[in-house]
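Working notes, beginning with the structure itself.
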Amino acid sequence: MSPAPQMPAGALPVGAVTLSPRRLAVYPGSFDPPHNGHLDIIQRCLSVFDEVLIAVLVNEEKKPLFTIEERQEMFHEILGGDSRVRVESFSGLLVDFMDRVDAVPIVRGLRALSDFDYEFQMALMNRRLNPRVETLFMMPKEEYSYLSSRLAKEAFSLGGNISGLVPPQVLARLHEKMPNRGGA
Ligand code: ADP
């Protein structure tokens, strides 16, 4: 009888793989509304993590165009078929939410150097508040590197054609909110 194959050092036996913790990333933001830059980051997360939890921030001070429920519904409409993606809302400290969902990585998108200063401060503050949490940054496709929810809404409200920058489900919702405005 031939000897049992040797496992390389550090390898897990096949059965143990199912016991390893699921790799869950939290992607927080206002998402008012979601756009293709956000979706690009979510797809990138899914190539690295097993599951992505989109955490929609409740912050009425920002005077959002879409309610929290509408923003969650839009994500369900766009990504509902993907069991690796969940959507929840949260208020208060993100690091407390990270404890509640038992996740380590916060993923943030970095568009341009202009995002860096704010994101750097936020990441270090979050680390100070909860050293268990890590912040990771991902860069979107170049074509989305200037895109923000604010600019998409502004362009739409002035009659601009923003198809290609937001998914059709979001475009339809914008038409409902601002009838006779968008260019497409
Ligand atoms: P905020 O969290 O500042 O309200 P958003 O909700 O628009 O902003 O963004 C949520 C996350 O998505 C943040 O990490 C932000 O940097 C990232 N993001 C926003 N727009 C883009 C984009 N065009 N490409 C990649 N990431 C983006």
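Derivation of every value follows stated rules applied to the coordinates shown; laboratory data play no part. Given the structure is predicted, the values throughout are model-derived calculations rather than measurements.
Figures for the structure shown
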quantity: Shape category assigned to the chain from the gyration tensor of Cα positions, a/c cut at 1.5; calculated: prolate
quantity: Estimated 222 nm signal from helices in the chain, with DSSP H stretches of n ≥ 4 weighted -39500 (n - 2.57), rounded to 500; calculated: -11000 deg cm²/dmol
quantity: Crossing angle, helix 168-177 versus the chain [Cα axis fit, 0-90 degrees, rounded to tens]; calculated: 40
